[in-house]
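The values are calculated or read from the model by the stated rules, or taken from the named source; none is laboratory data. Bear in mind the structure is a predicted one, so any value in this text is a computation, not a measurement. All Cβ positions, glycine included, derive from the backbone under ideal geometry; neighbour counts span all protein chains shown.
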Amino acid sequence: MNNMGSAINQPDQQPAPELQVAAGGDGERRQPSSNANEPLKGQACTEADQAIFTSINSPRGGGYQLAATSAGISPAEARELSAWGPSHDSLWETDEVARSYNFHRLQSGRLAVSRSIHGAAEYSGRGGRSVYTHFLVFSADQFARWDCNPFDILRAATHTEHALEPVPQRLTNWQCELPCDTNRTRQISRLVEQAGGPLNVAAALDAVLRHDAVAFVGQPAAIEAVMEVLFLLLPEETRCQISFATGLKYSPRRPVRWIGLHGDAMQRRRLARQYQFELVDLAEGTTNLDALEALGNLLQEAVRTLPCP
């Protein structure tokens, strides 16, 4: 297996109310309650710093910038998140519900979990909608409390599903009750089905074990599912060294180990040739015998290391 090195990217106001925005049973958006950021009594909680990167016209100037942070984001982390942040036309999909789940390690050692979506219309008049990225930044200890699974975090962080308008200049820490124990066997089974079946997972596993950079081609749901099941199959100490983006166009400013590809065949060939990505096509499936052997070897190793009854 290749070395799983990480892809490293190169006026104070009163805190805003907690940014919890959820949908009610009627589908309408709800405003955050005034006490949504208070610690949950009697429950195991975790917390993370927050930052928002998008296009705004601010006193510091117009354009894409780190528009808001919580107090714990250091100046060095702010510069790194600004350099990493995706700008105009960075999402593969153009529809209103387009999104990208992203994850990478900061030079500080903290872990950045983020969701990129379409935000407000571009204030500059260039046309189209802005790209809005909401970061949650965890210490290694806090991230481990989520079993090192950024997908679980993003499912819980429902407030990142919507763009805040206007963007506040200061955010509070995000606090969340830890989820109950998850039936991982059932979860993996569901993810394998969403990824297109065990042969697709076998091909994906073979690719990430053999190559430093892997691009997954397919529908957004299949790309997210295969990346999550790979995360769950890898040891927890390895997961923090992976970086990915499920729906962003590739840019050398934000190098990632795994990326989702939604473009045409020419774009795929260009990415593979220029940046040495191994392609895994989740739409066409695989008959790769090496991939099946890799999955078989992994299962044999799992059985070998199980405690004897």
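Working carefully through the options Leu81, Leu66, Leu164, Leu171, find the one that is surrounded by 16 or more Cβ atoms within 10 Å (Cβ to Cβ), out of contact with any strand residue (DSSP E or B) (no Cβ under 6 Å at 6 or more places or on another chain) and not assigned by TED's automatic domain parsing to the domain that holds Ala222.
Residue meeting the stated conditions: Leu164.
Does at least one position in the range 235-258 carry a residue that is touching a Gly at 6+ places or on another chain (Cβ under 6 Å) and not in a loop (DSSP other than H, G, I, E, B)? Let's see the steps before the verdict.
So in the range 235-258, the residues touching a Gly at 6+ places or on another chain (Cβ under 6 Å) come out as 246-247.
Filter once more, keeping what is not in a loop (DSSP other than H, G, I, E, B): none.
No, the range 235-258 contains no residue that is touching a Gly at 6+ places or on another chain (Cβ under 6 Å) and not in a loop (DSSP other than H, G, I, E, B).
Mind checking which residues of the range 196-239 are aromatic (Phe, Trp, Tyr) and surrounded by fewer than 23 Cβ atoms within 10 Å (Cβ to Cβ)?
Phe231
Evaluate the following for Gln107: is it more than 15 Å from the chain's Cα centre (by Cα), in a loop (DSSP other than H, G, I, E, B) and either modelled with pLDDT of 90 or more or not assigned by TED's automatic domain parsing to the domain that holds Lys249 (or both)?
yes
Can you tell me which residue is farthest from the chain's Cα centre (by Cα) among those in the range 120-146 that are buried (at least 17 other Cβ atoms within 10 Å of the Cβ) and part of a loop (DSSP other than H, G, I, E, B)?
Ranking the qualifying residues of the range 120-146, first place goes to Ser139.
Within the range 211-234, is there a residue that is outside any loop (DSSP other than H, G, I, E, B), in contact with a Lys or Arg (Cβ under 6 Å, 6 or more places away or on another chain) and among the aromatic types (Phe, Trp, Tyr)?
Yes - at least one qualifying residue is present in the range 211-234.
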